[in-house]
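Visitor: Have a look at this one before I ask anything.
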Amino acid sequence: MTLKLKHSGQYTASVRLFVLSVLAMLSASAADLHAAGPEVIIPAPYEYSVSEGSFVLGGGTSFYIELKKPYLESLDPSMQSAGGEDGEIAGLEEELLSLPYGLVKAGKKSAADIVLTIGGVLPDRRNAAVKSSPSWKNRESYRLKVTEGGIRIEAKGFAGAFYAIQSLVQMAGLPSAAGIDDADSVPSAAVAEISCCTVTDSPRFGYRGLHFDVSRHFRSKEFLMKQMDAMALLKLNKMHLHLTDGAGWRIEIDGYPELTEFAAWRPYADWSDWWVSDRHYCRQDEPGAYGGYYTADDIREILAYAAKKHIEVIPEIEMPGHSEEVLAAYPELSCTGKQYGSGDLCPGKEATFGFLEDVLSQVMDLFPSEYVHIGGDEASKGAWKTCPDCQRRMQEEGLENVDELQSYLIHRIEEFVNSKGKKIIGWDEILQGGLAPNATVMSWRGTEGGITAMKSGHDVIMTPGEFCYLDYTQDAPFKEPVSIGGYIPLAKTYSYEPAEDGLTEAELSHLLGVQGNLWAEYIPTDSHAEYMYYPRAYAIAEIGWSKAGAKDYDGFRGRALKVSDMLDGMGFSAFDLRKEYGNRKESLEPVHHLAEGCPVIYGEQYSSQYPASGDCTLTDGVLGGWTYGDRKWQGFLTDMDVTVDLGAVKPVHYVGATFMQVVSAWVWLPEKVEISISDDGRTFRTVGTVWRDMSDELNGLYFKPYGLVCNESGRYVRVRAFKHPAAGAWLFTDEVIVN
């Protein structure tokens, strides 16, 4: 048996385990199989029923595709690059022929075991409920009926038929062999049994996305196409391609050769090494040069494959911040005119807008997507305050501050993008200084920005870091690869509900959907990226597709294990959910001690960004987990100075608190902790001092208890922690324990 790989054999996804699974089934008969039904599908279908009996897929099972007009191809943006009606039909045929069951194309409908009907008479537009249903929901919906005599699929659009096939594949229990190019090479004896059932399915949201950071670490076109295979299986339909950032420019632009000849390359393969260096760039032919970029032909190939998978690829061109690579190549676009030292484009110069419009024009010509992402996040705007060009622009436009100057840039770029028939998306910082009229907000700094945008009538995509940042570790950090920090297990991502209470129906109509983000600073390899995406991408898919209010994590976890086995057979490197360690054990049970429930007096106020439970946090008996963002750790940007009132003079034999260090997130252990005791709250006597004994260069997550055994008595216990001297350093603790 030979298996031929698509894409000229260039992508490295091994089908070795898939081959073994097929070979194992060669000796099985239909009687040995165990039927599976819609209860195994991710994302969970809208509704389904199961009846007795089953249908067996096997060698010679035939299919027929029936097209009834009208159908919804005119509403499908992927049609722009799918070859129209013929291309869509060919794509469905290719998908069916690639399945590892030896399916064949029937000559007529009456001879087919599987019939797919696309189109037909559209619903009565006078029906108000139907009329209010968005076009994407009609296009992506389907009905799947399995009987002992065959399978019938009905869909109004090609995307719905395609998604019905993905549900069929998951029920069949073997991977849709995305790397197989020749149906004749698949053994006809491969069989799968599907329970008789009826599935009526429709997506909750039209935007269900994954984000790919190809700037920090470049990914090949083959890698991106491989991920589309997994996305399609999960009914994820948006690929957000982060093409530009300080770590490297990744798309060819005519007229600006330095973007790809210089700004796409750096002298360090590892982002961390580059980050702690001088952060300079180099030529492609220099020794040790690392990077890459996509040519226009590469992009066309990516888009053609995406169209087959009913995935819209959304390009992102960062502005005005995160543009160090642009300014190194074209320093005249900075405020200072210097090659290095700034990451913000200069909005005071007309040349900046000429550059951005040239780039965006070429990007929009290549990408058929409805949207262009323009970034807008984390611009420092420091140089703008003293730049003569920026100050002149502010005076001419009547702008009061640099936030309004950024808003001016975003407004102007939006007008240009709109003039080309496109819309912009920006990170929630584009709210600063006033939101552009037609902009869509991608809310990442919590959900507040998204809620504000929805209330003002703007479309929103939710991707809050607390739930949707897949670069955070998904299991106990001591057993996981080094990450940027944080802890978001599968259960945490799955728990996210994007439609928060308190929003009106009109406001929620602007909630387009959800996205999982994977920033690649600490993710250098393709296999590591897959390890971080899956299985948490399953949860993103279910949040975006399945109806609200029906979550069951235990059931979802069981389905996730099955899908992971499928991806494993397709050559993916998913995290092994069966070996999950879980949260920090100390955080799972309350801790009881002398100061539990006692009031805390703050000499220095904790940060409003990380208040945990507020003033009661440090004596609530709750210890933190693996991340400072779990609302159990209290954060300080100052020294910590807290006094616990025990209520009366009591014997004290131990005082201590645990602190954490995550250097990559600017979280350090305190330099020292001083502990003192008082009877009256005014005069304190020092019990002792505990010093830091850990290098501040150690990467990863570390915990250290700063505690002292003593033989004292007193009513007031004071703990002063002196933070690391680095500017912007954070200090986190979870409990002051007194015994």
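Visitor: Compute log10 of I(q)/I(0) for the chain with the Debye formula, placing one identical point scatterer on every Cα and leaving out solvent, at q = 0.06 Å⁻¹, to two decimals.
Guide: Reported log10 I(q)/I(0), two decimals: -0.42.
Visitor: State to the nearest 20 debye the size of the charge dipole of the range 614-739 about its Cα centre, where the only charges are +1 on K and R beta carbons and -1 on D and E beta carbons.
Guide: 120 debye
Visitor: Rounded to the nearest 5, what % of DSSP beta bridges with both residues in the chain are antiparallel?
Guide: 60 percent
Visitor: What is the chain's relative contact order, in percent, from Cα pairs under 8 angstrom and six or more apart in sequence?
Guide: Once divided by the residue count of the chain, the mean separation gives 11 percent.
Visitor: Given Cβ point charges of +1 (Lys, Arg) and -1 (Asp, Glu) and nothing else, what value in debye, to the nearest 20, does the dipole of the range 207-251 about its Cα centre take?
Guide: Dipole size: approximately 120 debye.
Visitor: Out of V642, Q432, Y371, whose Cα points farthest toward the positive end of the dipole of the chain (charges: +1 Lys, Arg; -1 Asp, Glu; placed on Cβ)?
Guide: Positive-most Cα among the choices belongs to Y371.
Visitor: Related question: For a quick protection proxy, order the peptides 606-613, 212-219, 493-500 by their average other-Cβ count within 10 Å, most packed first.
Guide: Peptide ranking by packing, descending: 212-219, 493-500, 606-613.
Visitor: If packing is taken as the average number of other Cβ atoms within 10 Å across a peptide's residues, how do 444-450, 263-269 rank, most packed first?
Guide: 263-269, 444-450
Visitor: Got a sec? Charge dipole of the chain, +1 on Cβ for Lys and Arg, -1 for Asp and Glu; which of V662, M225, P705 is way out at the positive end?
Guide: In the chain, that residue is M225.
Visitor: Mind putting a number on the dipole of the chain about its Cα centre? Charges go on the C-beta only, +1 for Lys and Arg and -1 for Asp and Glu, and I need it in Debye to the nearest 20.
Guide: That gives the chain a dipole magnitude of about 1400 debye.
Visitor: Using the Cβ atoms and a cut-off under 9 Å, what net charge is assigned to the surroundings of R445, where Lys and Arg are +1 and Asp and Glu are -1?
Guide: -4
Visitor: Where does the chain land at 222 nm, in deg cm²/dmol rounded to the nearest 500, when only DSSP H runs of n ≥ 4 count, each adding -39500 (n - 2.57), divided by all residues?
Guide: Taking each H run of at least 4 residues, the total per residue is -7500 deg cm²/dmol.
Visitor: Could you tell me what a quarter of the Cα convex hull surface of the range 633-739 works out to, in nm² with one decimal place?
Guide: Projected over every direction and averaged, the Cα hull of the range 633-739 covers 6.4 nm².
Visitor: Here's another thing I want to ask about it. If you look at just the Cα atoms of the range 433-574, how large are its Rg and its Dmax in Å?
Guide: 16.3, 50
Visitor: Okay, moving on. Report, as a whole number in µm² per second, the diffusion coefficient that Stokes-Einstein gives for the range 279-359 at 10 °C and 1.306 mPa s using the Kirkwood radius over alpha carbon pairs.
Guide: Estimated via Stokes-Einstein, D reaches 107 µm²/s.
Visitor: Next up: Report the local net charge at I151: Lys and Arg +1, Asp and Glu -1, summed over other residues whose C-beta lies under 9 Å from its C-beta.
Guide: Net of charged neighbours comes to +1.
Visitor: While we're looking at this one, here's another question. Net charge around D630, counting only other residues with Cβ within less than 12 Å of its Cβ (Lys, Arg = +1; Asp, Glu = -1)?
Guide: Taking every Cβ under 12 Å from that of D630, the sum is +2.
Visitor: Applying the Karplus parametrisation 6.51 cos²θ - 1.76 cosθ + 1.60 with θ = phi - 60° to the phi angles of the range 316-321, what ³J(HN,Hα) value in whole Hz is obtained for each residue in order, glycine and proline being reported as x?
Guide: The phi angles translate into 10, 10, 5, 6, x, x Hz.
Visitor: I've got another one for you. Of the options A155, S380, L512, report the single residue whose Cα projects farthest towards the positive end of the charge dipole of the chain (beta-carbon charges: Lys, Arg +1; Asp, Glu -1).
Guide: A155
Visitor: Moving on to the next point. Taking all protein chains as present, what is the carbon and sulfur share of the accessible area of the chain, in % to the nearest whole number, probe 1.4 Å?
Guide: Carbon with sulfur: 50 percent of the solvent-accessible area.
Visitor: I'd like the distance separating the alpha-carbon centroids of the range 563-623 and the range 328-378, in whole Å.
Guide: Cα centroid to Cα centroid, the span is 40 Å.
Visitor: Along the range 328-336, what does the Karplus equation 6.51 cos²θ - 1.76 cosθ + 1.60 (θ = phi - 60°) give for ³J(HN,Hα), rounded to whole Hz, x for Gly and Pro?
Guide: Couplings: 5, 7, 9, x, 5, 8, 8, 5, 8 Hz.
Visitor: So what's the range 352-435 giving for Rg/Rh, alpha carbon basis, Kirkwood Rh from the mean inverse pair distance?
Guide: 0.99
Visitor: List the residues whose amide H sits under 5 Å from the amide H of W626, counting only those 5 or more places along or on another chain, with H placed 1.01 Å from N in the peptide plane.
Guide: Here R584 satisfy the definition.
Visitor: Going by average Cβ density within 10 Å per residue, which order do the peptides 540-549, 284-293 take, highest to lowest?
Guide: Result, highest mean first: 540-549, 284-293.
The values are calculated or read from the model by the stated rules, or taken from the named source; none is laboratory data. Keep in mind it's a predicted model, so treat the numbers as computed, not measured. For neighbour counting, all protein chains shown are included, and Cβ atoms are generated from backbone atoms with ideal geometry for every residue, glycine included. Remember, those area values only see protein heavy atoms, side chains included, never the ligands or the DNA or RNA. Shrake-Rupley method; radii C 1.70, N 1.55, O 1.52, S 1.80 Å.
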